[in-house]
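J.: What follows is a single structure, and I will ask about it in a moment.
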Amino acid sequence: MSEQQTNAGKPAPKKSVALSGVVAGNTALCTVGRTGNDLHYRGYDILDVAETCTFEEIAHLLVHGALPTATELSAYQAKLKRLRGLPEAVRRTLEQLPAAAHPMDVMRSGVSALGCVLPEAADHNPAG
């Protein structure tokens, strides 16, 4: 049987390439495959920054558009630490879930509870 046939003898579906090269959207955050098999965050090759930068440095780069200075990094880490807590209502909700629940179900439930307790602002654009 050829690779193009399934066990039932029917032809296997062909991989669609109809959208190859079609731009799905534009973003300043990253580029994918511009020079082949690559990924760049705000102009930095991910292979380079992954070896030298911390998670917080990459998060700062994505959110603020530039790698942080030592002072900016320290302030950003302190801000992230302050934001780590869970509202009591979310914690109680998560504690009610069965211990054997799948982690993705727990995550989804936690995010839903968080969205109810701390709804997002209608406008995410910074003033200015």
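The values are calculated or read from the model by the stated rules, or taken from the named source; none is laboratory data. As the structure is a computational prediction, the values presented were derived from the model and not from experiment. Heads up, the Cβs are rebuilt from the backbone with ideal geometry, glycines too, and the neighbour counts pull from every protein chain shown. When the accessible area is computed, the model is the full protein with side chains, heavy atoms only, and any ligands, DNA or RNA have been set aside. Shrake-Rupley method; radii C 1.70, N 1.55, O 1.52, S 1.80 Å.
J.: Any chance you could get the radius of gyration and Dmax over the Cα atoms of region 31-128, in Å?
T.: 17.9, 49
J.: Between N26 and D48, what is the label-point separation in nm under the 7 Å Cα-to-beta-carbon projection?
T.: That separation, rounded to one decimal, is 2.4 nm.
J.: Compute the accessible area per residue over region 38-86, keeping the other protein chains in place, probe 1.4 Å, unit Å². Walk me through the numbers on the way to the answer.
T.: Working: 3390 Å² over 49 residues.
Ligands and nucleic acids excluded, the figure is 69 Å² per residue.
J.: How large, in percent, is the carbon and sulfur part of the accessible surface of region 39-128 at a probe radius of 1.4 Å? Don't skip to the end; give the middle numbers.
T.: Details: 4110 of 6900 Å².
Ligands and nucleic acids excluded, carbon and sulfur reach 60 percent.
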